[in-house]
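Trainee: What follows is a single structure, and I will ask about it in a moment.
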Amino acid sequence: MTVAAPKPWFVYLVRAENGALYCGISDDAQRRFETHRTGKGARFFHSSPAQALVYVEACPGKGDALRRERAIKALTKKAKEALVIAQPPALVAAEPAVC
């Protein structure tokens, strides 16, 4: 009997229309971003709609993603912007950073 590899989880940052960055986790960052764009999934986007998925980081499991999310949320806005700058937009969907 073979054991399936654990499904990766992702930590992501979404830029809102007002420039704020929202940090979250999901097992499918692109799908979750589309949910945010429709105004669902987080009250954060009720006042300023989601504009762009600007950062994605792959983690081996949900627990790792939750720990990384907490660490990113503790960063200053300047440090979060540095994460975004370090990951070119083409890599956000194609090759996310690794947790």
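Trainee: Gly41's amide H: which non-local residues (gap 5+, or another chain) put their own amide H closer than 5 Å, with H modeled 1.01 Å from N in plane and none for Pro or chain starts?
Mentor: For Gly41, whose amide H was placed from the backbone, there are no distant partners under 5 Å.
Trainee: OK, next. Keeping the other protein chains in place, figure out the carbon and sulfur percent of the accessible area of the range 1-53, with a 1.4 Å probe.
Mentor: Exposed carbon and sulfur together represent 53 percent of the surface.
Trainee: ³J(HN,Hα) across the range 69-76 via Karplus (A = 6.51, B = -1.76, C = 1.60, θ = phi - 60°), whole Hz, x for Gly/Pro?
Mentor: Whole-Hz 3J(HN,Hα) from phi for the range 69-76: 4, 4, 5, 5, 4, 7, 6, 6.
Trainee: Is the shape of the range 1-73 rounded, prolate or oblate, going by the alpha carbon gyration tensor and its root eigenvalues a ≥ b ≥ c, with a/c under 1.5 for rounded and a/b larger than b/c for prolate? Intermediate values should be presented prior to the final figure.
Mentor: Values: a/c = 2.88, a/b = 1.97, b/c = 1.46.
Judged from the Cα gyration tensor, the range 1-73 comes out prolate (a/c at least 1.5, a/b above b/c).
Trainee: Take Val14, Val98 and sort them by solvent-accessible surface of the protein heavy atoms, 1.4 Å probe, largest at the top. Before the final figure, lay out each step's value.
Mentor: Numbers: Val14 0, Val98 120 Å².
Of Val14, Val98, the descending order of accessible area is Val98, Val14.
Trainee: Looking at the range 22-71, which GluC sites (Glu not before Pro) are DSSP coil and have at most 14 other C-beta atoms within 10 Å of their C-beta?
Mentor: Loop-located and lightly packed - none at all.
Trainee: Next up: Pop a pseudo-label 7 angstrom from the Cα along the beta-carbon direction at both Gln30 and Ala82 and give the gap in nm to one decimal.
Mentor: 3.0
Trainee: Sticking with this structure for a sec: Nearest 0.05, what FRET efficiency do Lys40 and Asn18 give at R0 = 25 Å with Cβ-Cβ as r? Working shown, then result.
Mentor: Working: r = 19 Å, r/R0 = 0.75.
It comes to 0.85.
Trainee: Taking Lys40 as the anchor, which lysines have their alpha carbon closer than 22 Å to its alpha carbon, excluding any fewer than eight residues away along the same chain?
Mentor: Leaving aside lysines fewer than 8 places away in the same chain, those within reach of Lys40 are Lys62, Lys73.
Trainee: Starting from the amide H of Cys59, placed 1.01 Å from N in the peptide plane, find each other amide H under 5 Å away whose residue is 5 or more places distant or on another chain.
Mentor: Trp9, Phe10, Val11, Cys99
Trainee: Using a Cα-Cα cut-off of under 18 Å, which aspartates and glutamates could be cross-linked to Lys7, ignoring same-chain neighbours fewer than 8 residues away?
Mentor: Candidates past the 8-residue exclusion: Asp27, Asp28, Glu57, Asp64, Glu69, Glu95.
Trainee: Please find the FRET efficiency linking Lys7 to Ala71, where r is the Cβ-Cβ separation and R0 is fixed at 22 Å, and quote it to the nearest 0.05.
Mentor: For R0 = 22 Å, the calculated efficiency reads 0.55.
Trainee: Karplus couplings for the range 52-65 from phi (6.51 cos²θ - 1.76 cosθ + 1.60, θ = phi - 60°), rounded to Hz, Gly and Pro as x?
Mentor: 8, 7, 10, 7, 9, 10, 7, 10, x, x, 5, x, 5, 5
The values are calculated or read from the model by the stated rules, or taken from the named source; none is laboratory data. As the structure is a computational prediction, the values presented were derived from the model and not from experiment. Positions of Cβ are backbone-derived with ideal geometry, glycine not excepted, and every protein chain shown enters the neighbour counts. When the accessible area is computed, the model is the full protein with side chains, heavy atoms only, and any ligands, DNA or RNA have been set aside. Shrake-Rupley method; radii C 1.70, N 1.55, O 1.52, S 1.80 Å.
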